[in-house]
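Note sheet for the following structure.
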Amino acid sequence: MSDLQLRPSPVVCGGRDDVAGGPVHELLAPRRVPLGESTEVRRLLPSMGRRMVGAWCFVDHYGPDDIVDEPGMQVPPHPHIGLQTVSWLHAGEVLHRDSLGSLQMVRPRELGLMTAGRAISHSEESPRQHAPVLHGAQLWVALPDEHRHT
């Protein structure tokens, strides 16, 4: 018997009868949204045609922005509940401060991870003396119901 005869035939994995087993290619057009006092993001999710992709409920991209003569990111304290944010910087620095007492500078090639759970309030800001360019992304994960208050 050859190797081909011993291998099982491929299984199509769609999960449900109404969901295709193959990859789905969908190009989402971002909308411009002001973030705080001086940053504008291009928001892919949520959109009119798609609320979420898997657990991802928000996808924002900002920059590359020339902030040499600008304050950079200045997002005042605001609350979150039942989700997790993933901040990913390509250029610049963002200082994360939250109601749990955390104070963390996020830099390029680092991930800032915040789990809101029951509730948290946080701010994000470029430091007073900052890099000339700010460029990054923030993705929000909707926590599953059993972990919503983690």
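Any idea how many residues of region 112-123 are assigned to a strand (DSSP E or B) and open to solvent by 20 Å² or more (accessible area, probe 1.4 Å)? Spell out the reasoning first.
Let us first name the residues in region 112-123 that are assigned to a strand (DSSP E or B), namely 112-115, 120-123.
Those still in the list that are open to solvent by 20 Å² or more (accessible area, probe 1.4 Å) too: 113, 115, 121.
Of the residues in that region, 3 qualify.
Before we move on, is Ala142 surrounded by fewer than 16 Cβ atoms within 10 Å (Cβ to Cβ), under 15 Å from the mean Cα position of the chain (by Cα), under 27 Å from Glu26 (Cβ atoms) and of a type outside the set (Ser, Thr, Tyr)?
no
Looking at Arg148, Arg128, Arg109, can you tell me which residue is open to solvent by 40 Å² or more (accessible area, probe 1.4 Å), of a type in the set (Lys, Arg), in contact with a strand residue (DSSP E or B) (Cβ under 9 Å, 6 or more places away or on another chain) and at pLDDT 90 or above?
Going through Arg148, Arg128, Arg109 in turn, just one is open to solvent by 40 Å² or more (accessible area, probe 1.4 Å), of a type in the set (Lys, Arg), in contact with a strand residue (DSSP E or B) (Cβ under 9 Å, 6 or more places away or on another chain) and at pLDDT 90 or above: Arg109.
Given the structure, is Leu27 within 28 Å of Val133 (Cβ to Cβ), open to solvent by 40 Å² or more (accessible area, probe 1.4 Å) and at pLDDT 75 or above?
Yes, satisfied.
Can you tell me how many residues within region 63-82 are under 23 Å from Thr150 (Cα atoms) and open to solvent by 20 Å² or more (accessible area, probe 1.4 Å)? Please lay out each step first, then the result.
Here is the first cut: in region 63-82, the residues under 23 Å from Thr150 (Cα atoms) are 77-82.
From what is left, the residues that are open to solvent by 20 Å² or more (accessible area, probe 1.4 Å) are 77-79, 81.
Residues that pass the stated criteria total 4.
Name the one entry in Gln129, Gln104 that is out of contact with any Lys or Arg (no Cβ under 7 Å at 6 or more places or on another chain), part of a loop (DSSP other than H, G, I, E, B) and without any contact (Cβ under 8 Å) to a residue 24 or more places away in the chain.
It is Gln129.
Could you check how many residues of region 83-100 are touching a residue at least 40 places away in the same chain (Cβ under 8 Å) and either of a type in the set (S, T, N, Q) or surrounded by 18 or more Cβ atoms within 10 Å (Cβ to Cβ) (or both)?
Adding up the residues that qualify gives 7.
Can you tell me how many residues within region 33-63 are at positive phi and outside any strand (DSSP E or B)? Spell out the reasoning first.
Start the filter on region 33-63 by keeping residues that are at positive phi, which leaves 36, 54, 63.
Next, only the ones that are outside any strand (DSSP E or B) stay: 36, 54.
Final tally of qualifying residues: 2.
Just to be sure I understand the filter: pairs with C-beta atoms under 9 Å, separated by 6 or more residues or on different chains, first member in region 44-61 and under 11 Å from Thr85 (Cα atoms), second member among the hydroxyl-bearing types (Ser, Thr, Tyr). Which pairs pass?
That search, which allows pairs on different chains as well, returns Phe58/Thr85.
For region 73-87, does any single residue satisfy the condition of being assigned to a strand (DSSP E or B), modelled with pLDDT of 95 or more, over 24 Å from Gly117 (Cβ atoms) and in contact with a strand residue (DSSP E or B) (Cβ under 8 Å, 6 or more places away or on another chain)?
yes
Report, by residue number, each residue of region 37-62 that is in contact with a Lys or Arg (Cβ under 8 Å, 6 or more places away or on another chain) and within 24 Å of Asp145 (Cβ to Cβ).
Selection gives Leu45, Ser47, Cys57, Phe58, Val59.
Would you check if Arg97 is more than 25 Å from Leu45 (Cβ to Cβ) and in contact with a Leu (Cβ under 9 Å, 6 or more places away or on another chain)?
yes
The values are calculated or read from the model by the stated rules, or taken from the named source; none is laboratory data. All of these numbers come straight from a predicted model, not from anything done at the bench. With ideal geometry, Cβ positions are generated from the backbone for all residues, glycine too; neighbour counts draw on all protein chains shown. To get the accessible areas, we keep the full protein, side chains included, count just its heavy atoms, and leave off ligands, DNA and RNA. Shrake-Rupley method; radii C 1.70, N 1.55, O 1.52, S 1.80 Å.
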